[in-house]
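S.K.: Just passing along the structure, written as C-alpha cells.
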Amino acid sequence: MPSWLPLFMILLAVTLVIGPVMWLKPSSRDRRLASLRQSAASSGLKVQMVSLPASQGEGTAAVYFSQWRNPRRLQTGWGLELQRMSHEMHFDDVWDWRKGRQAPELAKKPLKELLERLPADATAILCNDSGLGVQWKERSGDGGLKAIQSALSDLRPVIEEAIREPQRNGGGEEGAGGDDPSRR
C-alpha cells in the first residue's frame, strides 16, 4: 500500500466532517439581516416574511410591522405596492393600491408622507390586523431601518386614527344616548 493513501484517507475524512459544518454556518449577509431584524424587534416592530408585489418578481421580503395601539374598528386589508413604472392613474407616482382596495380617504395624505420617508428599497405598505407594515428588501441596512422606524413611529398613530370607523350611536356603545330625554 502506498504511503500517501492513509494521508489521503485522513484528509477525505476531515473534509467530510468540516464541509457540512461550514455549509451550515450563516453567511455575512444572513448575520446582517438577523441583526437588522433583531434591532427592529427590540424597538417594538414585528417582522414577517411576505411575498413580493407582482411587479417586483418572485420571492419574499421582510415586512416590518408597527402594531396598532387600539385595533378596534379599524378598516384594514388594504395596501400600497411599488409598480414597475410611473403613471398618473396611480395613487402616488409609482405606488398603487394592492388588488384595487384603497385606504379610507382620511389616510391618503399621511400615506403620501409615509411614502416620501421610506428608503429606496421599500416595495409595499401593508395594513392588516397585525398593524401597519413596510415591506423592504433590506439592502439599505441600518439607515433604511432607521427611516422605517422613524416614519412608522410618527405616522402609524395618525394613520390608525384616519382608518378608524366612526363610532355608531346606539347598540350599547359609549356615548349611545346617556341621559338625553329625547331618546327615551
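The values are calculated or read from the model by the stated rules, or taken from the named source; none is laboratory data. On a predicted model such as this, the values are computed, not experimentally measured, just so you know. Cβ placement follows ideal geometry from the backbone for every residue including glycine, while neighbour counts extend to all protein chains displayed.
S.K.: Could you grab the pairs with beta carbons closer than 7 Å, sequence gap of 6+ or different chains, first residue in the range 151-167 and without any contact (Cβ under 8 Å) to a residue 40 or more places away in the chain, second one of a type outside the set (S, T, N, Q) and part of a loop (DSSP other than H, G, I, E, B)?
M.R.: These pairs meet every condition: Ala151/Leu118.
S.K.: Those residues that are under 14 Å from Glu160 (Cβ atoms) and not in a helix (DSSP H, G or I), I need them from the range 108-125; list them, please.
M.R.: Listed by number, the list holds a single entry, Ile125.
S.K.: Just need a number here: residues in the range 104-121 that are within 25 Å of Gln38 (Cα to Cα) and surrounded by 14 or more Cβ atoms within 10 Å (Cβ to Cβ).
M.R.: 6
S.K.: Six or more apart or on different chains, Cβ atoms under 7 Å: show the pairs whose first residue is in the range 93-107 and within 20 Å of Ser55 (Cα to Cα) and whose second is among the hydroxyl-bearing types (Ser, Thr, Tyr).
M.R.: Taking only residues 6 or more apart or on different chains, the pairs are Asp93/Ser86; Val94/Ser86.
S.K.: For the list (1) surrounded by 16 or more Cβ atoms within 10 Å (Cβ to Cβ); (2) within 26 Å of Gln56 (Cβ to Cβ), I need the number of the one condition that Arg101 fails.
M.R.: Of the numbered conditions (1) surrounded by 16 or more Cβ atoms within 10 Å (Cβ to Cβ); (2) within 26 Å of Gln56 (Cβ to Cβ), the odd one out for Arg101 is (1).
S.K.: A follow-up question, please. Out of the residues in the range 143-173 that are at pLDDT below 95 and farther than 17 Å from Gln102 by Cα, state the one that is nearest to the chain's Cα centre (by Cα).
M.R.: Step by step, filter the range 143-173, then rank; the result is Pro166.
S.K.: I've got another one for you. Scan the range 108-126 and tell me whether some residue there is under 30 Å from Glu58 (Cα atoms), polar (S, T, N, Q) and at pLDDT 95 or above. So that I can check it myself, show each step before the final result.
M.R.: To start, the set of residues in the range 108-126 that are under 30 Å from Glu58 (Cα atoms) comprises 108, 110-126.
Subsequent filtering for residues that are polar (S, T, N, Q) retains 123.
Those still in the list that are at pLDDT 95 or above too: 123.
Checking the range 108-126: at least one residue is under 30 Å from Glu58 (Cα atoms), polar (S, T, N, Q) and at pLDDT 95 or above.
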